[in-house]
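The values are calculated or read from the model by the stated rules, or taken from the named source; none is laboratory data. Remember, predicted model here, so these are calculated numbers, not experimental data. Note: ideal-geometry Cβ built from the backbone for every residue, glycine included; neighbour counts use all protein chains shown. We work out accessible area using only protein heavy atoms, side chains counted, and drop any ligands, DNA or RNA first. Shrake-Rupley method; radii C 1.70, N 1.55, O 1.52, S 1.80 Å.
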Amino acid sequence: MVSITKSDKNFIFEIKGMHKLWALKSEIIIPSEHIVKVYQDETQIKDFNFAKIIGTNIPFGLHAGTFYQDGGVIFMDVSDKKKAIILDLKDEKYKQMIIEVENPSASLALLNQKL
């Protein structure tokens, strides 16, 4: 699970609990101008075809860490796909982040304020 806060021109994505160990990461900071699009699309997550770079991948369960997909690197931390949101990024290490949040609609509203 990931919590999101806004600080000045950045969004801070804090990986919570044991997910820090599974994802091998505790925090990601992304400037708001690097976020291109934020949305929910469970079908995109279902069709997720990837190669794990570092992290944890339990089929039909937990996906946490850095993965390679469609010519780019993504960060993923999801165990409940219904609570997952997707961020398309530019000028970042990751081309995309797919993260599970406590309240998807509130997280989408917060992130879309800058768009």
Just to be sure I understand, how many residues within the stretch 16-32 are of a type in the set (Ser, Thr, Tyr) and closer than 16 Å to Val78 by Cβ?
0
For the list (1) farther than 24 Å from Ser105 by Cα; (2) among the hydrophobic types (A, V, I, L, M, F, W, C); (3) at pLDDT below 90, I need the number of the one condition that Val73 fails.
(3)
Taking the stretch 21-34, which residues are more than 10 Å from Asn10 (Cβ to Cβ), open to solvent by less than 60 Å² (accessible area, probe 1.4 Å) and in contact with a Leu (Cβ under 7 Å, 6 or more places away or on another chain)?
none
Looking only at the stretch 84-107, which residues are open to solvent by 30 Å² or more (accessible area, probe 1.4 Å) and within 16 Å of Ser32 (Cβ to Cβ)?
Asp88, Lys90, Asp91, Glu92
Give me the strands (runs of 3 or more DSSP E) completely within the stretch 1-109, filtered to those with at least 1 residues that are without any contact (Cβ under 8 Å) to a residue 60 or more places away in the chain and small (Gly, Ala, Ser), ordered by residue number.
2-7, 51-57, 63-69, 72-78, 84-89
